[in-house]
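Before any comments, here is the structure.
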Amino acid sequence: MSTPSTVRVVEVGARDGLQNEKTVIPAATKIELIDRLSATGLRTIEATSFVSPKWVPQLADAAEVFAGIRKRDGVAYPVLVPNLQGYERAREVGAREVAIFTAASEAFNRRNINASIDESIGRFMPVLERAIADGVRVRGYVSTVLGCPYQGEVPVADVVRVARRLYELGCYEISLGDTIGVGTPLKARAMLRAVAGDVPVDALAVHFHDTRGQALANILACLEEGVAVVDSSVSGTGGCPYAKGATGNVASEDVVYMLEGMGIATGIDLPALVSTGIWLSEQLGRATSSRVARAMTA
Ligand code: HMG
Ligand code: MG
């Protein structure tokens, strides 16, 4: 099977990673993290999240962080927004790309954003309308695409329906999230193929958490279906505060090592990424979750 010749890695560590770390690091450290990441060749760095600080206190300093980062040419810095209030906060500090998020599981959505799937999409309509009028790009996330911590199995038809809806509403890219890292490669491939039947594969990204060590295998299965955008987090930080037991995203270092090893160009300087991940794990006071980083620094 063929794989793409280039892949865009979407670095989500500063948001998905830090939102669920016990150690809350100062805004200045988050700014340094993002500035170090943007020097590695990454082209998309999710910077922070303008959600309710009561729900995610770790990212209560979103405005300070976003305002403080160095905006490099050619690098996009999307930020997560749950509603119009979040969109407005993001725009006040100059965000030019936002990400909205819902799930394929009703039960998860209720816990994560206190809304049904349809209600969440209803909340995003005004965000999308405003974003389109403002020339702001919108990325869409669908969570729990391969299983839900509350409802268990998630029918593929529900993933397809929600992904298609976000695409129709104007999201330029839909990131399919295995929030709790339960998927395995054949299921991941089947899910991807089903979604790609309704949404162009060029508009799809994959977002695997590595809870059960399946993430790289799942990514490979999806690359073989033509996906060329992969979300990951430096040092494998994080998880989801509303998905108990979810560990971090697959480590960016491991993804880049695999892709480059397969001859798939990422444009990322792996040693620089590894040293950024090691530095971050020191700030967090814990060991890196990246196997590649451990091997390269042993
Ligand atoms: P709610 O309590 O139902 O909302 O929360 P509300 O509208 O009733 O507002 C309650 C309070 O929050 C009010 O303040 C609002 O002003 C305030 P009060 O009057 O009590 O003082 N508020 C806000 N403040 C700042 N910024 C905002 C904002 N919105 C309301 N944007 C809400 C609903 C959606 C706000 C809440 O549930 C929330 O923020 N949830 C976020 C949860 C979250 O961030 N989860 C993690 C991200 S998703 C994820 O990680 C998965 C992903 O990585 C993909 C994958 O892995 O699958 C994307
Ligand atoms: Mg996630």
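The values are calculated or read from the model by the stated rules, or taken from the named source; none is laboratory data. None of the values given here were measured: they were computed from a predicted structure. Glycine also receives a Cβ, built like all others from the backbone with ideal geometry; neighbour counts cover every protein chain displayed. The area values use the complete protein model at the heavy-atom level, side chains included, leaving out ligands, DNA and RNA. Shrake-Rupley method; radii C 1.70, N 1.55, O 1.52, S 1.80 Å.
Not counting the cut sites, what is the longest span of the chain without trypsin sites (Lys or Arg not before Pro) that DSSP labels loop and that have at most 12 other Cβ atoms within 10 Å? My reading of the result: 71-243 is the longest stretch.
In the chain, the portion of solvent-accessible area held by carbon and sulfur atoms comes to 51 percent [1.4 Å probe, whole percent, DNA, RNA and ligands not counted]. Given axes a ≥ b ≥ c from the Cα gyration tensor, I'd like to know whether the chain is rounded (a/c under 1.5), prolate (a/b larger than b/c) or oblate. Since a/c stays below 1.5, the shape of the chain is classed as rounded. The Cα atoms of the stretch 161-298 give a gyration tensor whose axes a ≥ b ≥ c have a/c of 1.5 or more with a/b greater than b/c, which makes the shape prolate.
If you take the Cα centroid of the stretch 21-85 and the Cα centroid of the stretch 248-298, the two points sit 19 Å apart. Computed about the Cα centre, the dipole magnitude for the chain is approximately 340 debye when only Lys and Arg (+1) and Asp and Glu (-1) carry charge, each at its Cβ. Bridgeable lysines around residue 187 (alpha carbons under 23 Å apart, same-chain partners fewer than 8 residues away excluded): 244.
Comparing Cα centroids, the stretch 118-161 and the stretch 169-198 end up 12 angstrom apart. Taking every protein chain into account, the accessible area of the chain amounts to 39 square angstrom per residue (probe 1.4 Å).
Calculated mean residue ellipticity at 222 nm for the chain: -12000 deg cm²/dmol, from DSSP H runs with n ≥ 4 weighted as -39500 (n - 2.57), summed, divided by the residue count and rounded to 500. Modelled this way, with points 7 Å down the Cα-to-C-beta line, the labels at residue 5 and residue 269 are 2.5 nm from one another. For the chain, the relative contact order is 21 percent, taking Cα pairs closer than 8 Å that sit 6 or more residues apart in sequence and dividing their mean separation by the residue count.
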